[in-house]
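Visitor: Below: one structure in structure tokens.
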Amino acid sequence: MTEPDARAALLHYDMARNWIARSKFYQEVLRQHFTNYDNVTETSLLREHAWVTLNSGFRETVVRRRFDYISLCFCDWESAASISEAGDACVLSAKVVFGNLRKLRAIARAASIIHEESFESFFKEMMDNPLGTLKRLPYMGEITAIHLAKNLGLNVVKPDRHLVRVAIRFGYSSPLALCEYLAAETGDEEKVVDLVLWRFEQQTSADRSDISLHLPFERPIPTRGAA
């Protein structure tokens, strides 16, 4: 098996970090850095489950334009109880801007599951078995559960197609292997490396054309352990 091109991978990541620092996505990466899985709330779990569910198979820009309205329809994710009690009304009102009823009903059903079990009980199980517990929620499969866990702050790597391509390009066996190497070299957590690479790859060449990618990194992403 060919050895990974570690130097090229690190140079590519430095370029991606520089681009992030000068882009509108810098705050998104900072949020990922500071989001702690131990501090998941009922609201953040409901909101992030909805976000991941809606984005599965859809363009992120489509969901982003509608998400504030959908959030209002689902009681602004205030509690699983409020969504569960008004489930049909939540779904019907959100249908005005998002026609996929299966996904909207999955969001309402997830709230019902969390309400029936109590958030405290569900949270405890999440701490003991993060991915297994999240996969019990509607629309959460192997990859979407990892996506949700990462958004909630768990230090995991999502095997997204963009990251798979980058891993192959530099000779790594998987996105996880690539992100673990880059994390060890830079001090960024794997979840941050994942997001930096994904966001960089997700944008088109046109989006990057007016950005100097080789300037010194002026807004560093805090390394692990930073408060």
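The values are calculated or read from the model by the stated rules, or taken from the named source; none is laboratory data. Because the structure is predicted, anything quoted here is derived from the model rather than measured. All Cβ positions, glycine included, derive from the backbone under ideal geometry; neighbour counts span all protein chains shown.
Visitor: Filter segment 158-191 down to the residues that are part of a loop (DSSP other than H, G, I, E, B) and within 23 Å of Leu30 (Cα to Cα), then identify the one that is farthest from the chain's Cα centre (by Cα). Outline the logic, then answer.
Guide: Pass one, segment 158-191, residues part of a loop (DSSP other than H, G, I, E, B): 158-160, 170-174, 187-189.
This time we only want the ones that are within 23 Å of Leu30 (Cα to Cα), so: 158-160, 187-189.
Numbers: Lys158: 8, Pro159: 12, Asp160: 11, Gly187: 20, Asp188: 16, Glu189: 14 Å.
Per the criteria, the residue is Gly187.
Visitor: Let me ask something additional. Can you tell me which residue among Ile70, Ile20 is part of a helix (DSSP H, G or I), modelled with pLDDT under 95 and surrounded by 15 or more Cβ atoms within 10 Å (Cβ to Cβ)?
Guide: On the way: Ile70 fails: modelled with pLDDT under 95.
Of Ile70, Ile20, the one residue that is part of a helix (DSSP H, G or I), modelled with pLDDT under 95 and surrounded by 15 or more Cβ atoms within 10 Å (Cβ to Cβ) is Ile20.
Visitor: Filter segment 1-44 for residues that are free of Cβ contacts under 8 Å to residues at least 24 places away in the same chain and β-branched (Val, Ile, Thr) and give the result.
Guide: Thr41
The rows are residues; the columns are (1) among the aliphatic types (A, V, I, L, M); (2) assigned by TED's automatic domain parsing to the domain that holds Val52; (3) part of a helix (DSSP H, G or I).
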residue	(1), (2), (3)
Val63	yes, yes, yes
Ser93	no, yes, yes
Val97	yes, yes, no
Ala108	yes, yes, yes
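Visitor: Any idea how many residues of segment 90-114 are buried (at least 19 other Cβ atoms within 10 Å of the Cβ) and not small (Gly, Ala, Ser)? Lay out the reasoning, then the answer.
Guide: Of segment 90-114, the ones buried (at least 19 other Cβ atoms within 10 Å of the Cβ) are 90-91, 94, 98, 103-104, 106-108, 110-111, 114.
Then keep just the ones that are not small (Gly, Ala, Ser); that gives 90-91, 98, 103-104, 107, 114.
Number of matching residues: 7.
Visitor: In addition: Which pairs do you get when a residue that is of a type outside the set (Lys, Arg), found in segment 122-145, comes within reach of a residue that is exposed (fewer than 14 other Cβ atoms within 10 Å of the Cβ), reach meaning Cβ atoms under 8 angstrom, with the pair 6+ apart or on two chains?
Guide: What qualifies is Met127/Asp38.
Visitor: Could we say that Leu45 is within 20 Å of Asn155 (Cβ to Cβ) and of a type in the set (A, V, I, L, M, F, W, C) here?
Guide: Numbers: within 20 Å of Asn155 (Cβ to Cβ): yes; of a type in the set (A, V, I, L, M, F, W, C): yes.
Answer is yes for this residue.
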